[in-house]
Amino acid sequence: MKPKALVYSKLPEEVVDYVKEHCEVSSFDAPDNTSGSPFMEALKESEGLLGSGLKVDAAFLDRAPRLRIVSNVSVGYDNLNIPELSSRGIMATNTPGVLNDTVADTIFGLLVATARRMPELDRYVRNGQWKESRDQDIFGIDVHHKTLGIIGLGGIGEKIVQRARFGFDMDVIYHNRSRNPKLEEHYGAVYRTLDELLAEADFVCLMTPLTPETRGMISEREFKLMKKTAIFINGSRGATVDEEALVEALRSGTIRAAGLDVYVQEPLPEHHPLTALDNAVLLPHIGSATQETRLEMAWTAARNLVAGLKGETPANLIQA
Ligand SMILES: NC(=O)C1=CN([C@@H]2O[C@H](COP(=O)(O)OP(=O)(O)OC[C@H]3O[C@@H](n4cnc5c(N)ncnc54)[C@H](OP(=O)(O)O)[C@@H]3O)[C@@H](O)[C@H]2O)C=CC1
Ligand SMILES: O=CC(=O)O
């Protein structure tokens with residue numbers, strides 16, 4: 001008998017077909033946690049869970065007594081309570097690596113768009129404000145030859161640094177919990193304490209996972225340590241930043257501007273204070289969202305799921 005799998009996100013048909021070859025699949029476009037919903041009924045019998053973003057904690061797991069593996073279609077896994085999963089002997093997997101270049105393209109693009117004020121200038125053209133000369137009050141700042149400070153120089157961070165160093169001739173400083181001599185040598189990246197990095201960087205780019213340690217790591221104190229001309233980029237998770245402090249830093253000119261892909265609440269509420277700020281460039285958590293990469297992520301996650309359900313060790317098993 002095939003194991004039962006629950007797919008709770010929209011995934012490419014060919015990937016779902018592959019899962020169906022190996023499992024009996026219940027498929028939903030989105031989870032519905034209300035008691036008695038078809039999703040919750042299917043969960044009771046499911047041995048595998050495939051999708052992205054669902055919060056999997058002790059209360060949820062109490063309603064999934066047969067679960068053996070949770071396969072995230074994402075590299076971040078802050079939606080999963082890993083100690084709780086492992087105490088119940090349930091595997092968890094993610095999709096590292098396959099999205100690194102795509103996310104780096106997005107985050108570096110966001111950085112350039114913020115520095116050169118591209119969304120604002122797009123509005124300027126569409127609103128008929130482009131008359132004869134372009135006044136210097138719409139000019140941006142250079143990216144090339146500036147200093148990029150990256151907090152969380154891992155898989156994605158390395159690809160951002162590659163673009164900065166070899167594409168834009170930038171100096172790179174970084175902060176992790178531990179030093180990475182290989183990347184220091186390859187990209188000339190220089191290690192800094194967090195406070196040193198904040199004070200020195202022209203662009204501060206946050207790329208850490210969301211953990212108890214990184215939750216709220218950039219707040220009022222950290223914005224005040226940054227240069228007044230600094231541009232802050234967040235590609236990690238919204239909750240790594242104190243959003244109220246960010247809004248205040250942007251309003252008061254404590255920093256120049258911010259480019260954001262992630263928010264405390266997603267989707268970002270319609271009248272969120274950030275939406276009123278011209279010096280904030282806002283993307284809808286779209287870092288890995290190209291057709292090619294999302295397909296690759298779905299395949300990776302599906303293979304992890306099937307391997308786990310077959311009793312094999314999945315390629316991307318998250319270690320507790
Ligand atoms: N915007 C988007 O669409 C996307 C966002 N992401 C986010 O990016 C995150 C990073 O992904 P990825 O690069 O693959 O992950 P990696 O694990 O490869 O890299 C994370 C880096 O963060 C560092 N880090 C972890 N904790 C801390 C800390 N407390 N202080 C400083 N540095 C820290 C780690 O170094 P060390 O262990 O030495 O501290 C590591 O180098 C994901 O977890 C996810 O949240 C990912 C994909 C898309
Ligand atoms: O945010 C996306 C991810 O893969 O993590």
*May I ask you to list the residues in the stretch 155-205 that are within 14 Å of ligand 1 (Cβ to nearest atom), out of contact with any strand residue (DSSP E or B) (no Cβ under 9 Å at 6 or more places or on another chain) and of a type in the set (A, V, I, L, M, F, W, C)?*
ILE156
*asked:* Among the residues of the stretch 292-313, what is the count of those that are acidic (Asp, Glu), surrounded by fewer than 16 Cβ atoms within 10 Å (Cβ to Cβ) and within 16 Å of ligand 1 (Cβ to nearest atom)?
replied: 1
*Name every residue in the stretch 79-104 that is in contact (Cβ under 8 Å) with a residue 40 or more places away in the chain, in contact with a helix residue (DSSP H, G or I) (Cβ under 8 Å, 6 or more places away or on another chain) and open to solvent by 60 Å² or more (accessible area, probe 1.4 Å), in order of residue number.*
ASP101
*Under 7 Å by Cβ, and 6 or more places apart or on different chains, what pairs join a residue from the stretch 33-59 that is on the phi > 0 side of the Ramachandran plot with one that is in a loop (DSSP other than H, G, I, E, B) and not hydroxyl-bearing (Ser, Thr, Tyr)?*
GLY51/VAL73; GLY53/ASN79
*Determine whether the stretch 155-169 contains at least one residue that is at negative phi and in a loop (DSSP other than H, G, I, E, B).*
no
_Members of the stretch 111-135 found to be open to solvent by 50 Å² or more (accessible area, probe 1.4 Å) and assigned to a loop (DSSP other than H, G, I, E, B), listed by number_ = ARG116, ARG117, ASN127, GLN129, TRP130, LYS131, GLU132, SER133, ARG134, ASP135
*When you go through (1) in contact with a helix residue (DSSP H, G or I) (Cβ under 8 Å, 6 or more places away or on another chain); (2) modelled with pLDDT under 95 one by one for SER35, which number turns out not to apply?*
(1)
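Table: residues versus (1) touching a residue at least 24 places away in the same chain (Cβ under 8 Å); (2) within 12 Å of LEU153 (Cβ to Cβ).
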{"site": "SER178", "(1), (2)": "no, yes"}
{"site": "LYS182", "(1), (2)": "no, yes"}
{"site": "LEU197", "(1), (2)": "yes, yes"}
{"site": "ALA201", "(1), (2)": "yes, no"}
{"site": "LEU206", "(1), (2)": "yes, yes"}
{"site": "PRO209", "(1), (2)": "yes, no"}
{"site": "ILE233", "(1), (2)": "yes, no"}
*Return a yes/no flag: does the stretch 101-113 have any residue that is more than 23 Å from the chain's Cα centre (by Cα) and either away from ligand 2 (no atom under 16 Å from the Cβ) or not basic (Lys, Arg) (or both).*
no
_Selection count, the stretch 159-176, where residues are under 19 Å from the mean Cα position of the chain (by Cα) and either within 16 Å of ligand 2 (Cβ to nearest atom) or open to solvent by 70 Å² or more (accessible area, probe 1.4 Å) (or both)_ = 2
*What is the number of the single condition among (1) more than 16 Å from ligand 2 (Cβ to nearest atom); (2) open to solvent by 50 Å² or more (accessible area, probe 1.4 Å) that SER52 does not meet?*
(1)
_Let me confirm something: among ALA249, ALA302, which residue is touching a residue at least 24 places away in the same chain (Cβ under 8 Å) and within 25 Å of ILE90 (Cβ to Cβ)?_
ALA302
*Could you tell me whether VAL70 is crowded, with 19+ Cβ neighbours inside 10 Å, over 20 Å from SER236 (Cα atoms) and within 16 Å of ligand 2 (Cβ to nearest atom)?*
yes
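The values are calculated or read from the model by the stated rules, or taken from the named source; none is laboratory data. On a predicted model such as this, the values are computed, not experimentally measured, just so you know. Here the Cβ is made from the backbone with ideal geometry for all residues, glycine too, and neighbour counts use every protein chain on show. These accessible areas exclude ligands, DNA and RNA; they are computed on the full protein's heavy atoms, side chains included. Shrake-Rupley method; radii C 1.70, N 1.55, O 1.52, S 1.80 Å.
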